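Heads up: the structure comes next, in structure tokens.
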Amino acid sequence: MDKQQDALHRLGRRLTELREQQRLTLAQLSTLTGLDSREIAAIEAGQADPLLTTIIALCDGLSVSPRELLPPSK
């Protein structure tokens, strides 16, 4: 797995972790962010490379900072 794919998988795992900590479903996070639940699911699976605006929407919906969402690089 290359560095970019690894980063996307780490982001996906962190997003899932934060969503589940807040006991939110994909549909609920979709409503909070205005993002399609399929897009969120793809990000969580490490299959999508989200735009900065998408990351900001996710942070706003989860009430976390980008630093909390974006895992540190290895």
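One table, with the values for the structure above:
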| read-out | value |
| --- | --- |
| Which numbered condition residue 27 fails, given (1) touching a residue at least 12 places away in the same chain (Cβ under 8 Å); (2) assigned to a helix (DSSP H, G or I) | (1) |
| Qualifying residue in the stretch 58-69 (condition: part of a helix (DSSP H, G or I), in contact with a Pro (Cβ under 7 Å, 6 or more places away or on another chain), surrounded by 16 or more Cβ atoms within 10 Å (Cβ to Cβ) and modelled with pLDDT of 95 or more) | yes |
| Test: residue in the stretch 28-38 that is under 16 Å from residue 10 (Cα atoms) and more than 10 Å from the chain's Cα centre (by Cα) | no |
| Which listed residue is farther than 18 Å from residue 5 by Cβ and surrounded by fewer than 17 Cβ atoms within 10 Å (Cβ to Cβ), from 21, 47 | 21 |
| The stretch 24-44, subset buried (at least 18 other Cβ atoms within 10 Å of the Cβ) and not charged (D, E, K, R), residue nearest to residue 73 (Cα to Cα) | 43 |
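The values are calculated or read from the model by the stated rules, or taken from the named source; none is laboratory data. All figures in this text were calculated on a predicted structure; none of them were measured in a lab. Quick reminder, even Gly has a Cβ in these numbers, built from the backbone with ideal geometry, and neighbours come from all protein chains shown.
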